[in-house]
Amino acid sequence: MRPCELHDLGLLPFPEAWDRQRALAERRKLGEIPDQLLFVEHPPVVTMGRNGQEKHLLASPEQLAELGIAYVPVDRGGDVTFHGPGQIVCYPILDLREWKRDVGAYLRALEQLLIDAIADCGLTATRWPGKTGVWIGGRKVAAMGVHLSRWVTTHGFALNYDTDLRYFRHIVPCGLTEPVTSLWAEGCRATKAEVVTALTHHFAQQFHLEILVPQESFS
């Protein structure tokens with residue numbers, strides 16, 4: 001099993017987390033560090049993927065700023081999405097040359113670990129044919145968007161735990177009209193720590209990794 005270092009970044013503004021991802025990805029490409037698994041929570045922010053459409057942004061960046069929501073265009077795939085308090089955001093920094101050189105397989109593996117972790121919390125989540133992400137009863141609970149450079153991944157997925165879903169009124173999430181939900185809204189009473197533990201366990205299973213917790217956090 002390959003090693004993978006686990007880091008909990010706590011509450012961190014999106015641009016700072018993105019800078020850390022990119023720095024770690026460059027080190028991973030050089031073989032200086034093993035795979036990395038980052039968990040983080042962001043202050044309110046709307047991000048627009050490179051395939052996004054401006055019409056899916058229902059409030060201007062200026063209007064979002066007045067509401068205390070940052071706006072950041074990013075290099076991941078996918079459309080517009082929201083990150084904020086109560087959400088579990090996961091950024092894997094993986095070298096897929098050591099797993100499978102297959103972006104589709106990577107996305108399906110992320111979906112499966114989410115489905116398995118949510119099952120551990122007592123809920124049934126599913127895929128939606130032809131769409132990326134994870135749903136509970138036709139309501140989207142986890143959004144995904146990734147970027148690869150020389151087969152090293154950045155970005156990842158965001159799972160709504162007890163997120164204030166009213167924030168999603170300002171966008172068409174991922175360009176889809178289906179409603180969004182959260183684990184809490186669906187009746188899950190597992191703690192956030194328990195959900196992160198389940199996600200970590202199933203992440204390790206999907207990618208055949210040994211999870212390590214460094215004694216010192218990276219700078």
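The values are calculated or read from the model by the stated rules, or taken from the named source; none is laboratory data. No experiment lies behind these values; they were computed from the predicted model shown. Here the Cβ is made from the backbone with ideal geometry for all residues, glycine too, and neighbour counts use every protein chain on show.
Quick notes on this one:
- Per-region count, the range 12-60, residues in a helix (DSSP H, G or I) and modelled with pLDDT of 95 or more: 16
- Scanning the range 46-63 for residues that are surrounded by fewer than 21 Cβ atoms within 10 Å (Cβ to Cβ) and among the aliphatic types (A, V, I, L, M) gives L57, L58, A59.
- Subset of the range 1-22 that is in contact with a Pro (Cβ under 9 Å, 6 or more places away or on another chain) and within 18 Å of G84 (Cα to Cα) - its residue that is surrounded by the most Cβ atoms within 10 Å (Cβ to Cβ): F14
- The residue list D79, D75 contains one member that is modelled with pLDDT under 95 and crowded, with 19+ Cβ neighbours inside 10 Å, which is D79.
- Consider the range 87-141 and keep the residues that are among the polar types (S, T, N, Q) and part of a strand (DSSP E or B). The one that is farthest from F207 (Cα to Cα) is Q87.
- Meets criteria (without any contact (Cβ under 8 Å) to a residue 60 or more places away in the chain and buried (at least 17 other Cβ atoms within 10 Å of the Cβ)) for L96: yes
- Subset tally (residues that are more than 16 Å from L176 (Cα to Cα), charged (D, E, K, R) and in contact (Cβ under 8 Å) with a residue 24 or more places away in the chain) for the range 108-138: 3
- Identity of the residue in the range 142-153, assigned to a strand (DSSP E or B) and more than 10 Å from the chain's Cα centre (by Cα), that ends up nearest to V45 (Cα to Cα): H147
- A count restricted to the range 162-181 and to residues that are of a type in the set (F, W, Y) and buried (at least 22 other Cβ atoms within 10 Å of the Cβ) stands at 1.
- Number of the condition not met by A193 [criteria: (1) of a type in the set (A, V, I, L, M); (2) in a loop (DSSP other than H, G, I, E, B); (3) loosely packed, with under 13 Cβ neighbours inside 10 Å]: (2)
- Residue in the range 160-171 that is under 17 Å from the mean Cα position of the chain (by Cα), in a strand (DSSP E or B) and on the phi > 0 side of the Ramachandran plot present: no
- Cβ-Cβ under 9 Å pairs, at least 6 apart or on other chains, the range 1-15 side closer than 26 Å to Y71 by Cβ, far side surrounded by fewer than 13 Cβ atoms within 10 Å (Cβ to Cβ) and at pLDDT 95 or above: L9/E16
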